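First comes the structure, then the notes that go with it.
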Amino acid sequence: IGAGLGSSAALSVCLASGLTGVLHQIQGNNSNIFNSKSTTVNRTVCKYAFLSEKILHGNPSGIDNSISTYGGIRSFKKGDLTPVDSKRKLRILLVNTNTFRNTKDLVLRVKEKRITYPEIIEPVLEAIDGISSRFLSAGSLEDDAEYYKTVQDLIEYNQSLLSSIGVSHPTLDDVCLTLRKVGLTGKLTGAGGGGFALALVPPSLPEKTLVQAIDLLEAKGYTCYQTDIGVHGYTIEMSKAW
């Protein structure tokens, strides 16, 4: 899709798992991807999907293909992927700005700024890392209202920091402003520059407020979807031949 949702990684994982299954069939393996999604098989699928991502994006982080493989909510830092136990449901509103962007170009742009202005860009990146760390620690909060308020604050800070390094877009800024009018907080997804924005939908949010937000956004030409974060990774289903 090229919109900041990791769709290329999802496709890469599907292709990697399918081709791994074909290889298992050719080799005549009794234990194969169709009857056993072992740790070794998942690691292989993730590795091949990452190679595909490198072709598509140049120097990807490995986050998207890892999440598409293993699912759930995971912490990714310096190549290490750690499962995050979340006791709360995270419902989100996805907003497609319908603005095309190129991940490789956006990543390269930030890299160039980091080289040219390291004393400015590095602290911003450290602050973004701090937001991720604070999100992980917020899971220990007992009070639901405090938890969702904290996450919304972090989303707002994250969007501001990402905008400061030039990866937002006028349509993304407009989406965030529109969401703010109804008490929601939005941020860009993926590499930014267009594509999707997301907003956390707290359980306490009245349904009529969510409908109002969607109506306002769709009136401006944006497309809205609702989904959950932390679902399962890829699955294998065999179709019966009739």
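The values are calculated or read from the model by the stated rules, or taken from the named source; none is laboratory data. Here the structure is a predicted model, which is why all the values come from computation and not from measurement. So basically every Cβ, Gly included, is an ideal-geometry build from the backbone, and we count neighbours across all protein chains shown. Side chains are part of the model used for accessible areas, which takes the heavy atoms of the whole protein and leaves out ligands, DNA and RNA. Shrake-Rupley method; radii C 1.70, N 1.55, O 1.52, S 1.80 Å.
Side notes on the structure shown:
- Any chance D173 is closer than 29 Å to Y222 by Cβ, without any contact (Cβ under 8 Å) to a residue 12 or more places away in the chain and charged (D, E, K, R): yes
- Within region 158-176, the set of residues being in contact with a Gly (Cβ under 9 Å, 6 or more places away or on another chain) and not β-branched (V, I, T) comprises Q159, L162, S163, G166, S168, H169, L172, C176.
- Filter result for the condition that a residue is modelled with pLDDT of 85 or more, surrounded by 18 or more Cβ atoms within 10 Å (Cβ to Cβ) and closer than 15 Å to S132 by Cβ, over I73, I67: I67
- Flag if L11 is out of contact with any strand residue (DSSP E or B) (no Cβ under 6 Å at 6 or more places or on another chain) and within 30 Å of T171 (Cα to Cα): yes
- Exactly one residue out of K111, K208, K187, K149 is open to solvent by 30 Å² or more (accessible area, probe 1.4 Å) and over 21 Å from the mean Cα position of the chain (by Cα): that is K208.
- Selected residue (criterion: farthest from A9 (Cα to Cα)) from residues of region 220-242 that are open to solvent by 90 Å² or more (accessible area, probe 1.4 Å) and among the small types (G, A, S): A241
- Scanning region 83-91 for residues that are touching a helix residue (DSSP H, G or I) at 6+ places or on another chain (Cβ under 8 Å), of a type in the set (S, T, Y) and either touching a residue at least 40 places away in the same chain (Cβ under 8 Å) or surrounded by 15 or more Cβ atoms within 10 Å (Cβ to Cβ) (or both) turns up nothing.
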